[in-house]
Amino acid sequence: MIYASLSEAARSSKNFKVRISAATAMSAAKQRSLYGSSDTYLVIWNSLAAVLESLEDTDADFAEYKHRDSLVEQVAETFVSGVDAATARHPQLRQAHQNS
């Protein structure tokens with residue numbers, strides 16, 4: 001599945017621009033169902049969390065390190081997009097998410 005490949009690229013590519021692009025692509029789904037099964041959905045979000053964790057111990061060269069902040073911002077935006085997609089059909093959850 002495409003999300004498994006994107007998750008892997010976001011988590012493990014040595015090129016931060018590739019990681020940013022993968023995280024951006026993962027945020028494209030506007031409905032929860034487009035992410036696939038619940039297991040796939042969890043894999044995606046666990047992968048994004050792993051991206052953030054991996055940045056703490058990064059040994060990236062300076063050419064990649066300068067893209068670190070952009071990667072962090074994109075992963076955060078992808079998390080928000082995923083929450084929006086998951087709550088789109090549940091007005092109470094959506095309102096709680098928007099109020100937080």
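Here are the numbers for this structure:
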{"quantity": "Filter result for A4 (more than 17 Å from A85 (Cα to Cα), assigned to a helix (DSSP H, G or I) and touching a helix residue (DSSP H, G or I) at 6+ places or on another chain (Cβ under 9 Å))", "calculated": "yes"}
{"quantity": "Scan of segment 29-51 for residues that are at pLDDT 90 or above and loosely packed, with under 14 Cβ neighbours inside 10 Å, ordered by number", "calculated": "N46, A49"}
{"quantity": "Selection from segment 70-100 of residues that are touching a helix residue (DSSP H, G or I) at 6+ places or on another chain (Cβ under 7 Å), modelled with pLDDT under 85, within 14 Å of A28 (Cα to Cα) and not small (G, A, S)", "calculated": "V83"}
{"quantity": "Residues satisfying the stated conditions in segment 25-40, i.e. among the hydroxyl-bearing types (S, T, Y) and without any contact (Cβ under 8 Å) to a residue 12 or more places away in the chain", "calculated": "S33, S37, S38"}
{"quantity": "Residue, nearest to the chain's Cα centre (by Cα), within segment 1-21, restricted to residues that are among the hydrophobic types (A, V, I, L, M, F, W, C) and farther than 14 Å from H67 by Cα", "calculated": "L6"}
{"quantity": "Pairs, first under 16 Å from A76 (Cβ atoms) in segment 1-24, second assigned to a helix (DSSP H, G or I) and of a type in the set (F, W, Y), C-beta under 8 Å, six or more apart", "calculated": "F16/Y65"}
{"quantity": "Residues of segment 1-17 satisfying the condition of being hydrophobic (A, V, I, L, M, F, W, C) and crowded, with 18+ Cβ neighbours inside 10 Å", "calculated": "L6, A9, A10, F16"}
{"quantity": "Matching residues, segment 63-81, being outside any helix (DSSP H, G or I) and of a type in the set (D, E, K, R)", "calculated": "K66"}
{"quantity": "Residue in segment 27-41 that is touching a Lys or Arg at 6+ places or on another chain (Cβ under 8 Å), part of a helix (DSSP H, G or I), within 15 Å of S70 (Cβ to Cβ) and not basic (K, R) present", "calculated": "no"}
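The values are calculated or read from the model by the stated rules, or taken from the named source; none is laboratory data. Source: prediction; values computed, not measured. Methodologically, a virtual Cβ is constructed for each residue, glycine included, from the backbone with ideal geometry; neighbour enumeration extends over all protein chains shown.
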